[in-house]
Amino acid sequence: MQTLINICQLFSERWAFKFSPSKSHVLLYGKCQSNTIDRFFLYGSEIPIVKSTKHVGILLESSFNSMEQTMNACHMLRATTISIMNSGVHPAILNTSTCLKIVNQLAYTRALYGCELWNNLTKSELLLLERAHRFVCKAVQGLPKRSRSDKCTSLLGWLCIECYIDKCKLLFFGRLCRLNSTHLPKQIMMARLLEFKYTCVDNQLGFIPDMYRLFIKYNLLQYVVNLIELGSFPSKIVWNNVVSQNIHKTEQLKWLERISNDSDFNFFKLIHPVIKLHKAWIIAKRYPDLRVASKYIIDLCAIVRIETEQLLCEKCGKLFSNVLEHILCSCDFVLDYRNEMWRDIININPIQFSVYMDSLSSLEFTATLLSCDTIYELDDDESIVFSKLCVQHVYSTCKLFKMLIISDNQNCLIMFL
Ligand SMILES: [Zn+2]
């Protein structure tokens, strides 16, 4: 080791620059004790032996424990988001898509810096990261802390944070694979890959075993087999598309499994059955004057549920179990507004669309209005007109009903005045 340090010292002297001995550290991996090994010197000064150090922004621990690095990332994610929000980038003032862009560029790129090399994260570390991710997701949309995370993330079209880290790792792997074979990083990676394939090393740790887990998880093993056997690897665009699609498909299946086993999501899965950006956010971006109405629709989607007990409407005297279904389909108090909404629906081309809307059950009709989207094939312009109509009418009808969404920092309630 000292010989290698001497080579570096000689090199620096030849090229007239200097390494800093006080900023250099020696990390002892494995079970060896610091008092049993030799001391190392650079320009006559001793290099300190430490248990953890930062290398190109990534915290390295001699014990392979990455908890401190994960805690730092969580803290960075929350703290950066809060400071961005406090500086005025808030859904109450700005459009959510703008907030999202700023948070993504500032908070995520800082917090997840170097996540390509985060290996063997434990379940508790992933849970910590996931909590921070959900916190950001709710803050960006202005939703209360205790709203269901699976609703909030899917309304924004976000996947869990583990998927983002996995995507960064797979894209980094792609970049390594596309390097020319003469490059040293590619040679090292291929050597480690072949070592893993032929189990040359017992209990191999690090990047390659972690990547192997991801290839299995996202059904990408065939690409690595082709790389080893034929030396071929997809281009950047193809690899990025394959990785994005497979990650989305896998996460979508897991999400559907989670929400189908939970009665809290019975109505939500009719409104928003796929992880994608909710149409109300798209309308808010396209028509900034509808920002408040769009936010109101998102709040409704995040909190509305079917009650187990029947409730009585004080305005019309009918019983109902789903408050929005009652307001949008059967309450006599808002009949004029409903007629106006139907006039607008009939004006959408083709005319068969209004027949289709009329054929829906009241629950399906309410879910369609809240989703601001339809499975009926409308052309792009008419589809936008329909989404806009949904945002405007649901907002104005519910406002007429004097229905307020009361939210403190923790909970969200629907209240009637
Ligand atoms: Zn009523």
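Just so it is clear, none of the values below were taken in a lab; they were calculated from the coordinates. Only a predicted model underlies this, so the values are computations on that prediction, with no experimental measurement involved. Neighbour counts are summed over all protein chains in view; Cβ atoms, including those assigned to glycine, are modelled from backbone coordinates with ideal geometry.
In the range 263-353, taking the dipole from charged Cβ atoms about the Cα centre, the farthest positive-side position among 328, 265, 281 is held by 281. Segment residue 145..residue 308, full-extension length gain: 56.3 nm, with 0.36 nm per residue of separation and the alpha-carbon distance subtracted. Need the list of aspartates and glutamates near residue 145 for cross-linking: C-alpha distance under 12 angstrom, and skip anything on the same chain fewer than eight residues off. List returned: 408.
With viscosity 0.890 mPa s and temperature 25 °C, the Kirkwood radius over alpha carbon pairs of the range 234-367 converts through Stokes-Einstein to a diffusion coefficient of 138 µm²/s.
Listed values for the range 204-219 are Karplus-derived 3J(HN,Hα) couplings in whole Hz (6.51 cos²θ - 1.76 cosθ + 1.60, θ = phi - 60°), namely 5, 10, x, 4, 5, x, 5, 5, 4, 4, 6, 4, 5, 4, 9, 6, and x replaces Gly and Pro.
Charged side chains reduced to their Cβ positions (Lys and Arg at +1, Asp and Glu at -1) give the range 175-331 a dipole of some 720 debye around its Cα centre.
Report, to the nearest 10°, how far helix 123-141 tilts away from the longest principal axis of the Cα atoms in the chain, using its own Cα long axis and a range of 0 to 90°. Helix 123-141 sits at roughly 40 degrees to that axis. Given +1 at the Cβ of Lys and Arg, -1 at the Cβ of Asp and Glu and no other charges, the dipole of the range 112-259 around its Cα centre is 580 debye to the nearest 20.
Working note: 222 nm ellipticity from helices only, DSSP H runs with n ≥ 4, each -39,500 (n - 2.57), summed and divided by the residues of the chain, gives -16500 deg cm²/dmol to the nearest 500. Each Lys and Arg Cβ is given +1 and each Asp and Glu Cβ -1; about its Cα centre, the chain then shows a dipole of about 1380 debye.
Packing here is the average count of other Cβ atoms within 10 Å per residue, and on that basis the peptides 187-196, 291-300, highest first, run 291-300, 187-196.
Think of the chain as having a plus end and a minus end, set by charges on the Cβ of Lys, Arg, Asp and Glu; of 346, 62, 376, 62 sits farthest toward the positive end of this dipole.
Peptides 1-14, 375-388 ordered by packing proxy, namely the average of other Cβ atoms within 10 Å per residue, highest first: 375-388, 1-14. The angle separating the long axis of helix 2-14 from the principal Cα axis of greatest extent in the chain is about 90 degrees. The relative contact order of the chain comes to 13 percent, based on Cα pairs under 8 Å that sit 6 or more residues apart.
Angle of helix 67-86 to the longest C-alpha principal axis of the chain, folded into 0 to 90 degrees and rounded to 10: 40°. Under the criterion of Cα pairs below 8 Å and six or more residues apart, the relative contact order for the range 53-159 equals 32 percent.
Rounded to 0.05, the FRET efficiency of the residue 87 and residue 277 pair, given R0 = 25 Å and the Cβ-Cβ distance, is 0.55. When you filter the trypsin sites (Lys or Arg not before Pro) in the range 38-75 for DSSP loop state and at most 16 other Cβ atoms inside 10 Å of their Cβ, you are left with 39, 51. A Förster radius of 30 Å combined with the Cβ-Cβ distance from residue 54 to residue 241 puts the calculated FRET efficiency at roughly 0.30. In the chain, the DSSP beta bridges split such that about 90 percent are antiparallel, to the nearest 5. Cross-link list 169/295; 51/167; 101/279: which exceed 27 angstrom alpha carbon to alpha carbon? Distance filter (> 27 Å) returns 169/295; 51/167.
Straight-line cross-link partners of residue 197 among the aspartates and glutamates, defined as a Cα under 18 Å from its Cα and at least 8 positions apart when in the same chain: 210, 229. Look at the dipole of the chain built from charges on Cβ: of 94, 160, 6, the Cα furthest out on the positive end belongs to 6.
Of all lysines in the structure, the ones whose alpha carbon falls short of 17 Å from that of residue 54, not counting any fewer than 8 places away in one chain, are 23.
Note: relative contact order over the range 1-84, using C-alpha pairs below 8 Å and six or more positions apart, is 24 percent.
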